[in-house]
Amino acid sequence: MAEHAAAAARENGHAQFPPIVVNRASAGSRLPLRVTVLNAKGGAHLEEIAARLARPPLADTDLLLLCEAGWRSRRSARREVARELADRLGMSFAFGPVWSMPGRREGSIGSSIGNAILSSQPLEDVRVVPMRRYWRADFARIPGAPNGVIATVRFGGIPITICIAHLESRASPQFRAEQMRSIAEAIPPTGAAIIGGDFNTTTIELGGRRIPIPIVRALLMRRGRRCWPQKYEPLFKILERCGFAFDDANVPGIPTFTFSRMIPPFVRPKLDWLGVRGLAVVKGSATVVPARGSFFAPRFSDHDFITCQVRQS
């Protein structure tokens with residue numbers, strides 16, 4: 001696995017950063033466990049995120065998978081989001097920088113955006129798996145490359161592989177499938193596993209800044225494509241061949257992303273996903289939770305939380 005990651009990094013020709021890992025004593029090992037995913041949009045609204053996590057149905061979250069978690073970045077108000085949120089929740093964490101500016105000391109990490117795993121159990125065998133980088137003008141000069149973070153946790157005496165991945169929003173479905181293949185090859189082929197994150201399942205390639213009008217019209221007219229993107233995104237087939245199932249871990253047809261609450265739900269896409277292998281999803285536990293404190297409160301992320309409970313199969 002380490003050889004695979006190193007080879008991918010060399011092929012990409014972009015910097016790869018080591019994970020930051022802080023473990024705490026176990027906060028309780030039990031099954032079923034609740035796993036929650038959020039694209040934090042930098043995480044500047046950390047208090048609002050923590051407050052929402054303190055309320056049902058998210059209050060008993062054992063595993064929190066964060067995309068776009070800031071680390072001393074402008075988008076995080078210069079806060080170390082994974083560390084501060086883990087401190088508040090009493091959890092261990094692993095943070096894998098995706099884009100990072102150099103720190104003051106040689107080899108250190110400065111302002112970063114990345115992916116994080118927070119766990120009520122200590123994290124073992126943490127590793128960062130680089131993925132192919134899609135050229136974008138807004139990131140052309142920033143060191144780094146997309147990645148997934150993989151770790152092992154133990155709940156109820158069962159070792160579970162945990163993975164978070166954030167795929168490219170501007171690329172084609174085939175490009176995202178190639179990114180996911182790098183992750184899938186780094187996950188052990190057998191054993192209990194959970195994968196989640198912002199897979200950006202837009203079903204199209206956005207490419208440059210302007211989106212052709214016919215594509216916009218097609219997406220607006222075809223709600224099934226936006227909210228049931230599986231048959232248009234080959235990354236699902238890759239994960240299904242690795243034994244992952246998605247049906248029970250996700251709420252069918254419910255979108256998870258919006259630029260603004262003014263956009264009606266029927267035109268919003270479903271971009272965020274959870275997949276489970278070797279574990280059973282507790283029936284009816286999959287939920288999409290809006291990223292706001294109340295109905296009238298402003299959103300603190302353009303993505304909603306997704307969550308479910310899993311138990312021994």
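Values quoted throughout were computed directly from the atomic coordinates according to the rules given, and no laboratory measurement underlies them. Note that the structure is a prediction, hence the values are computed from the model and not measured. So basically every Cβ, Gly included, is an ideal-geometry build from the backbone, and we count neighbours across all protein chains shown.
How much FRET efficiency would the formula 1/(1 + (r/R0)^6) give for F266 and E124, where r is the Cβ-Cβ distance and R0 is 25 Å, rounded to 0.05?
After rounding to 0.05, the efficiency reads 0.05.
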When the chain is fully extended, how far beyond the present Cα-Cα distance does S29 get from F296, taking 0.36 nm per residue of separation?
-> 92.5 nm
Total charge dipole magnitude, the range 2-312, about the Cα centre, Cβ charges on Lys, Arg, Asp, Glu only, Debye to nearest 20 | 880 debye
Under the definition of Cα pairs under 8 Å and six or more residues apart, what whole-number percent is the relative contact order of the range 2-312?
-> 19 percent
The answer for the per residue Cα convex hull volume of the range 2-312, in Å³, is 126 Å³
What full-extension length gain, to one decimal in nm, is calculated for Q312 and A77 as 0.36 nm per residue of separation minus the Cα-Cα distance?
-> 80.6 nm
In order over the range 238-247: 3J(HN,Hα) from phi, Karplus 6.51/-1.76/1.60, θ = phi - 60°, whole Hz, x for each Gly or Pro, gives 4, 6, 5, 5, 8, x, 7, 10, 10, 4
With a cut-off of at most 14 other beta carbons within 10 Å, and DSSP calling the residue loop, which chymotrypsin sites (Phe, Trp or Tyr not before Pro) in the range 232-313 qualify? Please list them.
-> F259, F295, F296
